[in-house]
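S.K.: Mind having a look at this structure? Questions to follow.
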Amino acid sequence: NGTCQVPVSILIQWDDYDVFMSLIDDIAKDGFKSLTYETLSSDCLMGIDTTKTVILSFDDIGPFYIFQGYKDMIDYASSKGLVGVLGIVGGNFTKEDWNYLSDLHAKGWEIANHSNTHPEIDKITQMELIGDINYLQLKIFNNLGLVPKTFIIPGGYLNRQTISVVQNQGFNFVVGIPV
């Protein structure tokens with residue numbers, strides 16, 4: 001039976017391009033497997049060993065950032081047999097953008113909600129946060145036919161109140177940095 005261990009989680013920003021390729025090469029060379037938050041829980045339940053795993057999370061995937069830098073990094077990771085988590089933010093995605101995201105999801109990439117407007121969590125009300133999250137959930141569902149189960153907190157502002165609000169919206173995973 002495998003060991004269920006929380007993997008190393010690497011948050012990738014759009015400006016990390018210069019270091020990204022060598023990082024991915026090292027991950028692949030060292031025999032690490034990549035997971036998503038969705039597959040982590042199923043792998044653990046099935047007893048699959050997660051000791052040499054990593055979660056690659058791409059932050060702020062939206063019309064402004066998704067192309068071209070992120071695309072090159074995502075495609076490079078895919079070429080090495082790796083998958084990751086795409087933290088989607090709102091905006092005016094084109095049909096081509098949605099098709100690209102749909103193709104990635106079909107290849108095992110997880111689509112996560114990163115909020116519609118990427119607000120400063122500590123400066124909005126709970127109701128505003130709920131509206132922002134649900135607006136993007138509906139947009140993702142309408143364009144990809146899926147409901148994200150992971151929420152990546154904008155700015156990483158992880159606190160009890162935010163966790164509670166987000167979990168009450170049906171998310172299985174809430175990703176952030178304790179503040």
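The values are calculated or read from the model by the stated rules, or taken from the named source; none is laboratory data. This one's a predicted model, so the numbers in the text were calculated from it and none came from an experiment. Ideal geometry is used to build each Cβ from the backbone, glycine not excepted, and the neighbour counts take in all protein chains shown. We work out accessible area using only protein heavy atoms, side chains counted, and drop any ligands, DNA or RNA first. Shrake-Rupley method; radii C 1.70, N 1.55, O 1.52, S 1.80 Å.
S.K.: So which of 57, 22, 78, 34 ends up being over 16 Å from the mean Cα position of the chain (by Cα) and polar (S, T, N, Q)?
M.R.: 22
S.K.: Pairs under 6 Å by beta carbon, first residue among the β-branched types (Val, Ile, Thr) in the stretch 36-56, partner assigned to a strand (DSSP E or B), six or more apart or different chains?
M.R.: Within 6 Å, the pairs are 36/85; 36/110; 53/33; 53/35; 54/8; 54/34; 55/9; 55/35.
S.K.: Any residue in the stretch 140-166 that's at pLDDT below 85: show its pairings with residues that are in a helix (DSSP H, G or I) and open to solvent by 50 Å² or more (accessible area, probe 1.4 Å) at Cβ separation under 7 Å, as long as the two are six or more apart or on different chains.
M.R.: 157/122
S.K.: A further question follows. Return the only residue of 12, 55, 66 being modelled with pLDDT of 85 or more and within 25 Å of residue 148 (Cα to Cα).
M.R.: Exactly one of 12, 55, 66 is modelled with pLDDT of 85 or more and within 25 Å of residue 148 (Cα to Cα), namely 55.
S.K.: Has the stretch 38-46 got any residue that is modelled with pLDDT of 90 or more, acidic (Asp, Glu) and at negative phi?
M.R.: yes
Yes/no matrix, rows are residues, columns are (1) under 22 Å from residue 74 (Cβ atoms); (2) open to solvent by 50 Å² or more (accessible area, probe 1.4 Å):
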{"site": "131", "(1), (2)": "no, no"}
{"site": "142", "(1), (2)": "no, yes"}
{"site": "150", "(1), (2)": "yes, no"}
{"site": "160", "(1), (2)": "no, yes"}
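S.K.: Only residues that are under 15 Å from residue 61 (Cβ atoms), of a type in the set (A, V, I, L, M) and loosely packed, with under 15 Cβ neighbours inside 10 Å: list them for the stretch 91-119, please.
M.R.: Passing the criteria: none in range.
S.K.: Out of all the residues in the stretch 21-61, which are in a loop (DSSP other than H, G, I, E, B) and touching a helix residue (DSSP H, G or I) at 6+ places or on another chain (Cβ under 9 Å)?
M.R.: 32, 48, 49, 50, listed by residue number.
S.K.: Would you list the helices (runs of 4 or more DSSP H) that sit entirely within the stretch 69-179 and hold 1 or more residues that are in contact with a Pro (Cβ under 8 Å, 6 or more places away or on another chain) and more than 25 Å from residue 39 (Cβ to Cβ)?
M.R.: Qualifying helices (runs of 4 or more DSSP H): 126-144.
S.K.: If you don't mind, another one. Of the residues 26, 122, 72, which is without any contact (Cβ under 8 Å) to a residue 24 or more places away in the chain, open to solvent by 20 Å² or more (accessible area, probe 1.4 Å), out of contact with any Cys (no Cβ under 8 Å at 6 or more places or on another chain) and over 24 Å from residue 145 (Cβ atoms)?
M.R.: 26
S.K.: Select from the stretch 144-161 the residues that are of a type in the set (S, T, N, Q) and under 18 Å from residue 60 (Cβ atoms) and list them in ascending order.
M.R.: Listed by number, the list holds a single entry, 150.
S.K.: Next question. Tally the residues that are of a type outside the set (Lys, Arg) and closer than 21 Å to residue 101 by Cβ, restricting the search to the stretch 123-168.
M.R.: Counting residues in the stretch 123-168 that are of a type outside the set (Lys, Arg) and closer than 21 Å to residue 101 by Cβ gives 21.
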